[in-house]
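This report concerns only the one structure given below.
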């Protein structure tokens, strides 16, 4: 099988994308052809090695909109039956993750990591890691655009008023969600009759977090920003992790390096 693995490059992204590919290759099955692709967004210092840059998205005036522009553009460069849209500041750490994604997409139309945030939808894949079968694009166009306030400074808040929307978002009627990048995905996909499966999000401060720390000092430093390292688990085992605020934290800076160290420790433990 062929998998289009597409990430998105902005400020500080190249080193993260290279580390993402490194983590994937540590746990890959080798049974599939992976097309490593990237979309160039804005503020790019360089492009990552190991990827084919297939397109360049324009500047549209807001970080979330710029990201959405790149995600929307990426749909035009899908060639494989199975597709993974993934943020560059992720790492995949599950043995034979590619087999897992193919198996999930043989049973569901999309698969990925869900949100754990209060103002986001529930039990549905997010833009951090969003895998889907390309044939759904024959029926729908995915729109990752956020809805911004009039001054375009931040995403709007949307109150869910009816049962259908509440069901699709996985939340209660009258709940409020943040209209950030990808917020419409559950509506677009579920209204078209497509199915989904998602992995639970685990915060670094949770007792269920599985990424190790090097020592007490390392843990204390990381835990000073407990929302900056998220995990997603598959069948109780760590599948992927995300580094928040990578635009402001280079991979080889102190905050990026602290996240990277946790992943390297995990890889050392698992790849013996």
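Here is a check on your reading of the model: is residue 189 farther than 30 Å from residue 260 by Cβ, assigned to a strand (DSSP E or B) and either touching a strand residue (DSSP E or B) at 6+ places or on another chain (Cβ under 7 Å) or at pLDDT below 95 (or both)? Taking the combined requirement at face value, the residue does not satisfy it. Scan region 128-138 and give yes if some residue there is in a loop (DSSP other than H, G, I, E, B) and free of Cβ contacts under 8 Å to residues at least 40 places away in the same chain, otherwise no. Checking region 128-138: not a single residue is in a loop (DSSP other than H, G, I, E, B) and free of Cβ contacts under 8 Å to residues at least 40 places away in the same chain. Exactly one residue out of 45, 109, 89 is more than 16 Å from the chain's Cα centre (by Cα), in contact (Cβ under 8 Å) with a residue 24 or more places away in the chain and crowded, with 16+ Cβ neighbours inside 10 Å: that is 109. Picking from residues in region 202-217 that are in contact (Cβ under 8 Å) with a residue 24 or more places away in the chain and not in a loop (DSSP other than H, G, I, E, B), the one that is surrounded by the most Cβ atoms within 10 Å (Cβ to Cβ) is 202.
Here 26, 52, 37 are screened, and the one residue that is over 27 Å from residue 154 (Cβ atoms) and surrounded by 20 or more Cβ atoms within 10 Å (Cβ to Cβ) is 37.
Report whether or not residue 82 is more than 23 Å from residue 193 (Cα to Cα), in contact with a helix residue (DSSP H, G or I) (Cβ under 9 Å, 6 or more places away or on another chain) and either surrounded by fewer than 23 Cβ atoms within 10 Å (Cβ to Cβ) or at pLDDT 95 or above (or both). No: the conditions fail for residue 82. The set of residues in region 231-247 that are touching a residue at least 24 places away in the same chain (Cβ under 8 Å) and either crowded, with 21+ Cβ neighbours inside 10 Å or over 12 Å from residue 87 (Cβ atoms) (or both) comprises 231, 232, 233, 234, 237, 238, 239, 240, 241, 242, 243, 246. Filtered by the rule that a residue be over 11 Å from residue 91 (Cα atoms) and not in a loop (DSSP other than H, G, I, E, B), region 242-261 gives 254, 255, 256, 257, 258, 261. Considering only residues of region 220-241 that are out of contact with any helix residue (DSSP H, G or I) (no Cβ under 8 Å at 6 or more places or on another chain) and part of a loop (DSSP other than H, G, I, E, B), which is farthest from residue 124 (Cα to Cα)? It comes out as 224.
I'd like the full set of residues that are surrounded by 15 or more Cβ atoms within 10 Å (Cβ to Cβ), in a loop (DSSP other than H, G, I, E, B) and on the phi < 0 side of the Ramachandran plot, limited to region 158-186. Scanning region 158-186 gives 160, 171, 175, 179, 180, 181, 183, 184.
Report whether or not residue 31 is more than 23 Å from residue 101 (Cα to Cα), exposed (fewer than 15 other Cβ atoms within 10 Å of the Cβ) and out of contact with any helix residue (DSSP H, G or I) (no Cβ under 6 Å at 6 or more places or on another chain). For residue 31, the condition - more than 23 Å from residue 101 (Cα to Cα), exposed (fewer than 15 other Cβ atoms within 10 Å of the Cβ) and out of contact with any helix residue (DSSP H, G or I) (no Cβ under 6 Å at 6 or more places or on another chain) - is not met.
When 103, 122 are checked against the criterion of being over 20 Å from residue 54 (Cα atoms), surrounded by fewer than 21 Cβ atoms within 10 Å (Cβ to Cβ) and over 16 Å from the mean Cα position of the chain (by Cα), a single residue qualifies: 103.
The values are calculated or read from the model by the stated rules, or taken from the named source; none is laboratory data. What you see is a predicted model, and the numbers here were worked out from it, not measured in a lab. Neighbour counts are summed over all protein chains in view; Cβ atoms, including those assigned to glycine, are modelled from backbone coordinates with ideal geometry.
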